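Derivation of every value follows stated rules applied to the coordinates shown; laboratory data play no part. In this text the structure is predicted, and so the values were computed from the model without any measurement. Every residue, glycine among them, receives a Cβ derived from its backbone with ideal geometry; neighbour counts consider all protein chains shown.
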Amino acid sequence: MRHDDIMLMVDYMYWSTHRLLDHAERLTSEQFHAADAPTVRSLRDTMVHELDVEWSWRLRLSGREDEDQGELNPEEFPDLGTIRRRWEADEREMRAWLASLTDDDLNSPARAEGRDPSHTVADYLLHIIFHARQQQADMATLLTVQGQSPGELEFLEFLDSR
């Protein structure tokens, strides 16, 4: 896997996240926290879950797993602004870490504690990216149900927006 390929997919992941966050700003607090969702979690809880996955895997893969304090608790994110600020900070850290990696780093075995040592860093980054797509689909569904569809989140839409 090449660094440029991973970065393109990460750019797409964050482009989608920003569109979803922007559309979520149009919701009332009740809509944002609605528990009677057609998905596994409320919109707030889905966003916090995805943020947690991106954050915790970055820490593990970058050798900073000791900073992981366990799963992020949705209750600590009472509103969208809190989530957005944390996600923007995490995105900056993710991008800084990824910028430090070479193609050789991406294709080397990952040192994620308790995980299959045959998986590469790139394998785990792809896991993060594909997990994000699943969660983003849930977020888009939840927004659409509330009348705030984010529109097309397809890869070609992303490319056309660049």
- Task: State, to one decimal in nm², a quarter of the convex hull surface area for the C-alpha atoms of segment 67-162, i.e. the direction-averaged projected area.
- Result: 8.5 nm²
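List the GluC sites (Glu not before Pro) within segment 114-161 that DSSP assigns to loop and that have no more than 11 neighbouring Cβ atoms inside 10 Å.
Those satisfying the criteria are E154.
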- Query: Using only the Cα atoms of the chain, what do you get for the radius of gyration and for Dmax, in Å?
  - Reply: 16.0, 47
- Task: Return the long-range amide H neighbours of T120 (sequence gap of 5 or more, or a different chain), with a cut-off of under 5 Å between placed amide H atoms.
- Result: A110
- Long-range amide H contacts for A34: which residues qualify at under 5 Å (H placed 1.01 Å from N, peptide plane, sequence gap of 5 or more or a different chain)? L43
- Task: Please work out the FRET efficiency for the pair R111 and Q69, using the Cβ-Cβ distance as r and a Förster radius of 22 Å; give the result to the nearest 0.05.
- Result: 0.65
- Query: DSSP loop trypsin sites (Lys or Arg not before Pro) in segment 1-107 with at most 15 other Cβ atoms within 10 Å of their Cβ, which ones?
  - Reply: R2, R26, R64
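What is the gain in length, in nm to one decimal, between E93 and R162 on full extension, counting 0.36 nm per residue of separation less the C-alpha to C-alpha distance?
On the way: separation 69, 0.36 × 69 = 24.84 nm, distance 2.21 nm.
Taking E93 through R162 to full extension adds about 22.6 nm, to one decimal.
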